[in-house]
Amino acid sequence: MDIVYSDKFIEALKAAKSVVVSTGAGVSAESGVPTFRGEEGLWKKFRAEELATFEAFNANPELVWEWYQFRRDIIGKIKPNPGHYAIAEMPGLFDEFHLITQNIDNLHRIAGLEDFVELHGNINRNKCVDCGEMNYEKEFADFPPKCKCGGRLRPDVVWFGEMLPPGAIEKAFTVSRACDLLFTVGTSGIVQPAASLPPAAKQHGAFVVEVNIEATELTFICDEHIRAKSGEAFPVIVKKIKELKGI
Ligand code: BV8
Ligand code: ZN
């Protein structure tokens, strides 16, 4: 695919010392992970906002666990797409690079990124509601799953109304405010506090680029909007960065 770069975007790519990429469900769409609000969105079939809450888990743990096992099943069969792999090359191209993701699908890690901010947890991890112990099982003797202490296991993800993991959002805001260039990729920019990261970067002088197949709640604050699939756009962007750096 071809990307038309504005002079300002080229300048930003050349000059950037610190870069942040902030991703949502759209970055995994080409891997086959359903997004939340898209046509095949999880919101449609499973009323995600009613299921991704502790109240729903308390009221109907089987249903909530079935929803997560359904998603785990999909996520267990898929792999990162070229967008994940291109993003995973970026730490080597800038003095400072941070990835922040809202996704719980682990695909950025499988694509080779180790140290990044997982704002909403990880679907491959469970934790005990009662003793807090972490658990990495995928199949369970009991359903809904139980901890060896007898307590209730839950997916180690952040539900609506729940605080994000300690330190995660603080680090996300710190690096977003300090960066020169932030990419917001594959996110509708609705869920808070993640949706406030690109505006925070912008307020602190960063050049903000959106990569999305449609306009979003964040488009109006972005300096550049690349209307494309991230799996197609990011390999082209990374190639351009290497060209500009003579790599
Ligand atoms: C919190 C983990 C503080 C679980 C998720 C009113 C009442 C109650 C709460 C609130 C309220 N107003 C605001 C809130 C806060 C609430 C919130 O934001 N609600 C929203 C609905 C308004 N937030 C919270 O509750 C957060 N916690 O605020 O705590 C607190 C706590 C207690 C007391 C006081 C304060 C916690 C939010 C985390 C929820 N957990 N996930 C799970 O996944 O099961 S959220 C989940 O949904 C995702 O992680 C993600 O964040 C969100 C989905 O958004 P996106 O990733 O953007 O995906 P979406 O489908 O929307 O968009 C996909 C985009 O990709 C689209 O733009 C599409 O065009 C694009 N796309 C598609 N294909 C491609 C593409 N782009 C590029 N390439 C492609 N190929
Ligand atoms: Zn326990």
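The values are calculated or read from the model by the stated rules, or taken from the named source; none is laboratory data. Fair warning: this is a prediction, and the values are worked out from it, not measured in the lab. No Cβ is skipped: glycine too gets one built from the backbone with ideal geometry, and neighbour counts run over all protein chains shown. Calculation scope for accessible area: heavy atoms of the full protein, side chains included, ligands and nucleic acids excluded. Shrake-Rupley method; radii C 1.70, N 1.55, O 1.52, S 1.80 Å.
Odds and ends about this structure:
- Potential extension, I78-R125 segment - 0.36 nm per residue separation minus Cα distance: 15.2 nm
- Quick note on segment 22-127: its Rg to Rh ratio, both from C-alpha atoms and Rh being the Kirkwood radius, is 1.00.
- Projected area, mean over directions - segment 97-224, Cα convex hull, nm²: 9.0 nm²
- Taking a point 7 Å out from the Cα of L63 in the direction of its Cβ, none of the residues of segment 174-204 has a backbone N less than 11 Å from it.
- Sorted from longest to shortest, the spans of the Cα atoms of segment 146-202 along the three principal axes equal 49, 22, 17 Å.
- Segment 19-68: GluC sites (Glu not before Pro) in DSSP loop, at most 11 other beta carbons within 10 Å: E39, E40
- Expressed as a fraction of 2.2 N^0.38 Å, the value expected for a compact globular protein of N residues, the C-alpha radius of gyration of the chain is 1.04.
- The Rg/Rh ratio for segment 63-105, using Cα coordinates for both the radius of gyration and the Kirkwood hydrodynamic radius, is 1.15.
- Whole-number accessible area per residue in Å² for segment 44-147, which is evaluated in the context of all protein chains at 1.4 Å: 49 Å²
- With one equal scatterer per alpha carbon and no solvent term, the Debye-computed log10 I(q)/I(0) for segment 1-48 at 0.14, 0.28 1/Å reads -0.59, -0.99.
- Packing-based ranking, highest mean first, of 17-28, 157-168 given that Cβ atoms within 10 Å are counted: 17-28, 157-168
- GluC sites (Glu not before Pro) restricted to DSSP loop in segment 175-247 with at most 16 other C-beta within 10 Å: E214, E217
- Viscosity 0.890 mPa s, 25 °C: Kirkwood-radius Stokes-Einstein D of segment 81-166 over Cα pairs, µm²/s: 168 µm²/s
- Solvent-free Debye scattering, log10 I(q)/I(0), computed from the Cα coordinates of segment 1-83 at q = 0.22, 0.24, 0.25 Å⁻¹: -1.09, -1.19, -1.24
- Förster radius 35 Å - calculated FRET efficiency between A215 and K242, Cβ distance, rounded to 0.05: 0.75
- With Rh defined as the Kirkwood radius, the inverse of the mean 1/r over Cα pairs, the Rg/Rh of segment 171-247 is 0.98.
- Beta bridges per DSSP with both ends in the chain, % antiparallel, nearest 5: 25 percent
- Of the peptides 136-145, 171-180, the order by per-residue mean of other Cβ atoms within 10 Å, starting with the highest, comes out as 171-180, 136-145.
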